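This report refers to the structure that appears directly beneath it.
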Amino acid sequence: MSQPTAPETLGSLTDETPVDPNSKAAKEITGKSPLQIALGRLRKDKIAVTCAILVLFFILVAIFANVIAKIFGVSLDTVTACEVLECNFASPGVGYPKTGPPFHGFDASHPLGIAPKSGADNLAHWIFGARTSLIIAASATLFASVTGVVIGLTAGFLGGTVDKVLSFIIDFFLTIPFLLAALIIAPIIIDRFGTSDSYKTIQLLSLIAILSMFGWMTVARLIRGEVLSLREREFVHAARVLGMPTSRILFKELLPNLMAPIIISISLMLPAFVAAEAGLAFLGIGVTGSASWGQTISKAVPYWSQYSLYLWAPLLGVVGLVLALNLLGDAVRDAFDPKTRR
């Protein structure tokens, strides 16, 4: 005689271990918002905490760049090359620094050495290069996120013709190669404003605009998909019945329920823009009028064999910042979506 089988419950069909409502773990999250729960998970993630500390370090360097440069006694001021470089053609190290690496010992006045040919201080360019990268990446992320959220909200909630038109615009921008567009736009800006006194500012703003222009589409598609599912929920129907205006429904009812995907998108977009800024500067179409990690890497490549420190300093800065932001972004995604946790 076969043994009677117990009726299956929903909990037995999932891989997750059911949580006792009276347990300590359940009581700890009672009354907490999803944001508070996610922050609690992040605090327990050692990798996330380490990456957050590293990102905070770069942010502090960018904010207090002038103070840090004064502490080390370095600056971006141009110097006469022959004052700090070997200009005697009878010497074997023509064009290289007279003190410090690569042919001399450590020089406390220039901790990361001096750039060949130009005589610029590498530490000063590293410090202000961090500021340039974070300003461009943060500004582009802000503008791209706001644009993507507004367009995604509008397309997903209104639907119909509006959704079709906005979806076509999103798909159109996705078909444009980012690098090709940057290669076309940069020479136009240089030709138009190359002799202007505010060329550095125009170049910075134009790069932020280019990154924002080709970065909002992913956010828009994600938000649109989320809104398509949320607009049929009971609280949205109740808001419509009460006669709430569309703007209030979008920004007071729907937007708070979209904070998780928005935060995740921002955390993943920021490192992509840091890498893009460095890559464009390396190609000579990014920021060229002020300190930039990518520009320094481009200048340091020919000196790799004899002056490796010149290349390693900005390269490690880019890798460290991008890696920390990427790992922190993955941790944020896992904290807001526990189903993805391994």
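Points worth noting:
- Unmet requirement for Gly159, which otherwise passes all of (1) farther than 13 Å from Phe214 by Cα; (2) of a type in the set (Gly, Ala, Ser); (3) crowded, with 20+ Cβ neighbours inside 10 Å: (3)
- For the range 302-311, the count of residues that are out of contact with any helix residue (DSSP H, G or I) (no Cβ under 8 Å at 6 or more places or on another chain), under 30 Å from Asp121 (Cα atoms) and outside any helix (DSSP H, G or I) is nonzero.
- Yes/no for Ser290 being touching a residue at least 40 places away in the same chain (Cβ under 8 Å), assigned to a helix (DSSP H, G or I), hydroxyl-bearing (Ser, Thr, Tyr) and in contact with a helix residue (DSSP H, G or I) (Cβ under 8 Å, 6 or more places away or on another chain): no
- The combined condition, being more than 25 Å from Ile135 (Cα to Cα) and part of a helix (DSSP H, G or I), is not fulfilled by Leu280.
- The helices (runs of 4 or more DSSP H) found entirely in the range 164-236 that carry 2 or more residues being exposed (fewer than 12 other Cβ atoms within 10 Å of the Cβ) and not β-branched (Val, Ile, Thr) are 178-193.
- Long-range neighbours under 8 Å by Cβ, at least six apart or interchain, first residue farther than 18 Å from Glu277 by Cβ within the range 171-187, second hydrophobic (A, V, I, L, M, F, W, C) and in a helix (DSSP H, G or I): Phe173/Met213; Phe173/Met217; Leu174/Met217
- Contacts under 6 angstrom Cβ, first residue in the range 148-170 being at negative phi, partner outside any helix (DSSP H, G or I) and crowded, with 18+ Cβ neighbours inside 10 Å, 6 or more apart: Gly148/Trp216; Phe157/Arg231
- Criterion: among the aliphatic types (A, V, I, L, M) and without any contact (Cβ under 8 Å) to a residue 12 or more places away in the chain - qualifying residue of Leu205, Leu230: Leu205
- Residue in the range 244-258 that is crowded, with 20+ Cβ neighbours inside 10 Å and in contact with a Pro (Cβ under 9 Å, 6 or more places away or on another chain) present: no
- When Arg131 is tested against (1) assigned to a loop (DSSP other than H, G, I, E, B); (2) modelled with pLDDT of 85 or more, just one condition goes unmet, and that condition is (1).
- Residue within the range 84-91 that is touching a Ser or Thr at 6+ places or on another chain (Cβ under 9 Å), over 19 Å from Gln295 (Cα atoms) and modelled with pLDDT under 85 present: yes
- Sub-6 Å Cβ pairs linking a first residue in the range 101-121 that is under 15 Å from Ala300 (Cβ atoms) and crowded, with 16+ Cβ neighbours inside 10 Å to a second residue that is modelled with pLDDT of 85 or more and among the hydrophobic types (A, V, I, L, M, F, W, C), at least 6 apart or interchain, are Pro101/Leu309; Leu112/Leu123; Leu112/Ala313; Gly113/Leu309; Asp121/Val74, ordered by first then second residue.
- Test result for Ala239, within 26 Å of Ala138 (Cα to Cα), among the small types (Gly, Ala, Ser), in a helix (DSSP H, G or I) and free of Cβ contacts under 8 Å to residues at least 24 places away in the same chain: no
- Selected residue (only one of Val49, Val61, Val67, Val94 is at pLDDT below 90 and either in contact with an Asp or Glu (Cβ under 8 Å, 6 or more places away or on another chain) or not aromatic (Phe, Trp, Tyr) (or both)): Val94
- Taking every residue in the range 261-279 that is on the phi > 0 side of the Ramachandran plot and pairing it with any residue that is acidic (Asp, Glu), at least 6 positions away or on another chain, yields no pair with a Cβ-Cβ distance below 6 Å.
The values are calculated or read from the model by the stated rules, or taken from the named source; none is laboratory data. Since the structure is predicted, the reported quantities are computational estimates derived from the model, not experimental observations. Positions of Cβ are generated from backbone atoms using ideal geometry, with glycine treated the same way; all protein chains shown enter the neighbour counts.
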